[in-house]
Amino acid sequence: MRGIFITFEGGEGAGKSTQIRRLAAVLESYGLSVALTREPGGTPLAEAIRGLILTHEAASEDGLTQALLFAAARRDHVLRVIRPALSAGHVVLCDRFADSTRAYQGGKVPDAVLEQVIALGADGLVPDLTFLLDVNPELGLERARSRFTGVEDTFERSNLAFHREVRRRFHAIAASEPHRFIIIDASQDEAYVAESIRLAVRQRILAAPGAGA
Ligand code: Z5A
């Protein structure tokens, strides 16, 4: 049986990393085999590209250059990690995927070009389910800064208007694919958000015919 591909999207500090770890623990307690991964990253090459994009002082401001780099990282990740894990029947939980390219690089690149770049990078792979952890950027940035490591990455340096635009884009993407997206109010406390996600996975994925759990 093919596995299940679930992605987590949202702005900075929305709680994606926190919630993805909690969901992995819940699914493992159901006896499922879980592969937890992230973007950009997930393979040595993709992690190296992550370093170039997020921490390199010469990181490009050009949207198409960024989209191509994220797509190159994603292609390696999909071919080496995600597709093999799905073929082995695992539940793959990924912290960000192609919708982040739409939200962050969209508007800087014509839509048709961006979709071509995304299709190549993702090798045509589309998540079965995507959680949009929605939080206003003020709160998200405050949370992210509360665990500040001393160095801001390329996107953390962006202004509030940019983060608001990213949030608007995520909502538009979710509205265009309502069957795939579940929007979660991520301003709620951590345990409440985790329970909303657990219930949604049970209803939308695990209860589906042939899901086997
Ligand atoms: N990017 C892109 O432009 N194009 C692309 O195609 C892709 C990515 C794939 C990756 O950065 C950057 O790359 C990202 C978009 C861009 N930049 N931005 N912005 P990253 O992976 O380093 O950063 P991130 O994805 O934004 O992760 P994050 O800042 O770590 O956020 P998070 O994972 O959503 O949050 P968290 O680490 O789980 O929680 C943050 C803090 O809040 C932490 O102290 C938690 O304990 C706390 N927290 C979590 N949940 C709660 C609740 N419910 N209440 C209170 N406090 C909470």
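The values are calculated or read from the model by the stated rules, or taken from the named source; none is laboratory data. Here the structure is a predicted model, which is why all the values come from computation and not from measurement. No Cβ is skipped: glycine too gets one built from the backbone with ideal geometry, and neighbour counts run over all protein chains shown. Keep in mind that these areas ignore ligands, DNA and RNA; they rest on the heavy atoms of the full protein, side chains included. Shrake-Rupley method; radii C 1.70, N 1.55, O 1.52, S 1.80 Å.
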Rolling a 1.4 angstrom probe over the protein chains, ignoring ligands and nucleic acids, what is the accessible area of Val34 in square angstrom, nearest 10? 30 Å²
For the chain, what % of the accessible area comes from carbon and sulfur atoms, probe 1.4 Å? 55 percent
Per the Kirkwood formula on distinct C-alpha pairs, the Rh of the chain is how many angstrom? 17.5 Å
Within the range 65-150, report the trypsin sites (Lys or Arg not before Pro) that DSSP leaves as loop and that have at most 16 other Cβ atoms within 10 Å. Lys108, Arg147
For the range 9-109: accessible area per residue (Å², 1.4 Å): 41 Å²
Please go through the range 53-152 and write out the chymotrypsin sites (Phe, Trp or Tyr not before Pro) that DSSP classes as loop and that have at most 15 other C-beta atoms within 10 Å. Phe148
Could you give me the ³J(HN,Hα) list for the range 84-98, computed from phi with Karplus coefficients 6.51, -1.76, 1.60 and θ = phi - 60°, whole Hz, x at Gly and Pro? x, 5, 5, 5, 7, x, 7, 8, 9, 10, 10, 7, 6, 7, 4
Okay, helix-only estimate at 222 nm for the chain: each DSSP H run of n ≥ 4 adds -39500 (n - 2.57), divide by all residues, round to 500 deg cm²/dmol; what do you get? -15000 deg cm²/dmol
In whole Hz, with x marking every Gly and Pro, tabulate ³J(HN,Hα) for the range 99-107 from phi via Karplus 6.51 cos²θ - 1.76 cosθ + 1.60, θ = phi - 60°. 5, 5, 5, 4, 6, 8, 9, x, x
Karplus couplings for the range 188-195 from phi (6.51 cos²θ - 1.76 cosθ + 1.60, θ = phi - 60°), rounded to Hz, Gly and Pro as x? 6, 6, 4, 5, 5, 4, 4, 5
